[in-house]
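What follows is a single structure, written as structure tokens, with notes after it.
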Amino acid sequence: MVTLVILLFIVAALISYAIVLYNGLLRVAAGVKLAWSNIDVLLVQRHDELPKLVEVCRQYMQFEGDTLERVIKARSAADSARSSGSVSSVGAAERELRSGLNGLYAVAERYPDLKANEAFRQLQSRISGLETAIADRREIYNDSANANNIRIQTFPDVLVAQFGNFPPAKLLQFQTEEKADVDVKALFAR
């Protein structure tokens, strides 16, 4: 009788421990989703500002249709990637969008009236602020994804993660050129 009680106690303790591990994995996975949704909110805000910026620029930059078109196409591709939920697709589309914006800002330097336009300056400042916030949120997302990936690969969490089908989270990877200093001279040579 005593051995049965001890055995039941051990089984109950193991089940309780598995539940605690499972709940911990759920919290970590939810943290990754939350971090991604925080990035998504900022991406939507930035994407909502881009048509306004393009329209203000269009009024001044009659002969720069290619530059404006590149930003519009990059925005559309970034929206599609964001809707797909693929971290790697979003990273590639966002790189193209940032490149288009850098080109737009470089071309805008040739238009003193545009640079002096209050709406342009406000939109440029707003988008730059959103870029900074997105970069900060990327760091938080990668920290969350890394914590998730470590948890699902370490013992004994790996046993519960495999049983509960917890997938690894993809990190937002940065290309070498994105980490390098911006070549301002090249931006103005376009």
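Each reported figure results from applying straightforward, stated rules to the coordinates on display, with no laboratory input. It should be emphasised that the depicted structure is a prediction, and the values quoted were computed from it without experimental measurement. A quick note on method: Cβ atoms are made from the backbone with ideal geometry, for glycine too, and the neighbour counts reach across all protein chains shown.
Nothing charged except the Cβ atoms of Lys and Arg (+1) and of Asp and Glu (-1): what's the magnitude of the dipole of region 13-105 about its Cα centre? Round to the nearest 20 debye.
Numbers: 11 positive and 10 negative charges, 59 e Å.
Result for region 13-105 is approximately 280 debye, rounded to the nearest 20.
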Can you give the charge dipole size of the chain about its Cα centre, rounded to the nearest 20 debye, using +1 on the beta carbon of Lys and Arg and -1 on the beta carbon of Asp and Glu? 220
Ascending count of other beta-carbon atoms within 10 Å, so fewest first, for Ile152, Ile15, Ile140: Ile15, Ile140, Ile152
Rounded to whole angstrom, the alpha-carbon centroid of region 20-51 lies from that of region 151-174 at a distance of 17
Listed residue (Ala147, Pro112, Ala133) projecting farthest to the positive dipole end of the chain, Cβ model: Ala147
Stokes-Einstein D for the chain, Kirkwood Rh over Cα pairs, 25 °C, 0.890 mPa s (µm²/s): 125
Given the candidates Ala12, Thr67, Val44, the one whose Cα lies deepest towards the positive end of the charge dipole of region 2-188, counting +1 at each Lys or Arg C-beta and -1 at each Asp or Glu C-beta, is Ala12
May I ask you to list, by number, the DSSP H helices of the chain whose Cα span along the axis is at least 18 Å and whose average Kyte-Doolittle hydropathy reaches -0.5 or more? 2-60, 87-108
